[in-house]
Amino acid sequence: MHERTKQQECAMGTGCRKEPVSVFVSLAPLAGVSDRCFREICFHYGCDEATTEMISAQALLYDSARTERMLDKGMEGKLTVQLFGKDPSILAQVIRERFNTDNCFQAVELNMGCPAPKIVRNGEGSALMRDPKLSAEIFRAMVEASTKPIYVKMRLGWDENSINYLTIAHIAEEEGVSRITLHARTREQMYAGKANWGAIAHLKDAVNVQVVGNGDVTTPEEAEEMEKQTRCDGIAIGRAAMGNPFLFRQIHAYRSTGTYAPVSREETVAVLLDHYMREITCRGEQRAILEMRKLMACYLSGFSGSARTKAAIMTMTDMTEIRAELERFRAQGDLFRT
């Protein structure tokens, strides 16, 4: 039997069936991944909300063509635009000029969580965790400039010796921020180690705004456990959704029935091919093939024979060849991802 069930049964002894709950499940921003094409697929599979890739406020101010392409949005659902920057006046100006009248976006989020060296070297992303005074100025400027809710995504702090997420969260709340997403790791951890869900619970107790938990949710069981442990208002899923948009459907199924279906080889290849076609429409064939390599590898992971197929496609530059290889892969081996 391929269907998975909860380990614990209800007291009545027939397997625990829960009524759906109001906690939303969102697609977290993923640089180079969470573009319009991927967001549309995730919404199709039950994602409740999504956030764009992080976008430079300064680049928007100077009309960067590449940055403009990152703002491409369709009729996807509830979409938040995430900005990064460190200049309160620039962030405020961009909000006033670009987002107050754009009804495709429900909110604007400040990135205080990105740990990438090229971002933090410029004092942006998670580097802002080290400057509460500047953070307050940014929150205030964004809230005053915006007709939409302002959100913030942050980390626990810079490192284990400077855990200050509660301090920053209180400042954010005082300045009018409506939602806080906590990636429960420090900047120094990057994406390693275990996310501290206890910190998400502490944050939920400490503030009166919405709290979204982020970190280490890769299965429906883990989504339920985060909800239980933290009492969060929402769950943001990032890296675990790469190549696995089906996770959103599985989480909703698990909540309502206590079970969820595995991911089949057939459906995975079909969705991967659809993803290729969407990206080709948006980017052109050659760029799409290059950009899809990392996601292609994620889609195919866990199936027998995937190593050979991934290695082959990594060297291909023609969609006809890629399609033929994926059709060969579709026809072989086990039905489900292990």
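Laboratory data are not the source of any read-out in this text; all were calculated from the coordinates shown. This one's a predicted model, so the numbers in the text were calculated from it and none came from an experiment. Positions of Cβ are generated from backbone atoms using ideal geometry, with glycine treated the same way; all protein chains shown enter the neighbour counts.
Treating each Cα of the stretch 163-257 as one equal point scatterer and applying the Debye formula with no solvent, the log10 of I(q)/I(0) at q = 0.13, 0.22 Å⁻¹ comes out as -0.46, -1.12. Taking amide H as placed 1.01 Å from N in the peptide plane, the amide H of Cys114 sits under 5 Å from that of Ser126, each at least 5 places away or on another chain. For Lys228, a cut-off of 28 angstrom between C-alpha atoms picks up these lysines, skipping any fewer than 8 places away in its own chain: Lys6, Lys18, Lys78, Lys153, Lys194, Lys204. Between His202, Val81, Gly238, whose Cα lies farthest towards the positive end of the dipole of the chain when Lys and Arg beta carbons carry +1 and Asp and Glu beta carbons carry -1, centred on the Cα centre? Highest projection toward the positive end goes to Gly238. Calculated on C-alpha atoms, the gyration radius of the chain divided by its Kirkwood radius gives an Rg/Rh of 0.98. Cross-link partners of Lys148 among aspartates and glutamates, defined as those whose alpha carbon lies under 12 angstrom from its own and excluding same-chain residues fewer than eight positions apart: Asp102, Glu109. Our compactness index for the stretch 223-297, the C-alpha radius of gyration over the empirical 2.2 N^0.38 Å, is 1.37. Its DSSP H runs of at least 4 residues, each contributing -39,500 (n - 2.57), put the calculated 222 nm mean residue ellipticity of the chain at -12000 deg cm²/dmol, to the nearest 500. Convex hull volume of the C-alpha atoms in the stretch 154-216, normalised per residue: 70 Å³. Exposed loop sites were defined as chymotrypsin sites (Phe, Trp or Tyr not before Pro) in DSSP loop states (anything but H, G, I, E or B) carrying at most 12 other C-beta atoms within 10 Å; in the chain the longest segment without such a site runs 192-338.
Proximity of backbone amide H atoms, modeled 1.01 Å from N, is registered between Lys148 and no other residue at under 5 Å, excluding neighbours fewer than 5 places apart on the same chain. To the nearest Å, what is the center-to-center distance of the stretch 187-249 and the stretch 32-96, using C-alpha atoms only? If you average the Cα positions of each part, the centres end up 21 Å apart. About its Cα centre, the stretch 74-156 has a charge dipole of approximately 260 debye under the convention of +1 per Lys or Arg Cβ and -1 per Asp or Glu Cβ, with nothing else charged.
Given a cut-off of 24 Å, what percent of all Cα-Cα pairs of the stretch 212-338 lie beyond it? The partial results should precede the final answer.
Numbers: 2866 of 8001 pairs.
In whole percent, the long-distance tail amounts to 36.
For Thr51, the amide hydrogen comes within under 5 Å of the amide hydrogens of Leu27, Thr80, counting only partners 5 or more places away or on other chains and with H modelled in the peptide plane. Shown in residue order for the stretch 178-184 are the 3J(HN,Hα) couplings computed by the Karplus curve 6.51 cos²θ - 1.76 cosθ + 1.60 at θ = phi - 60°: 9, 8, 10, 9, 10, 7, 7 Hz (x for Gly and Pro).
Pull up the cross-link candidates among the lysines for Lys133, meaning alpha carbon to alpha carbon under 16 Å and not fewer than 8 places away within one chain. Here the lysines satisfying the reach criterion relative to Lys133 are Lys86.
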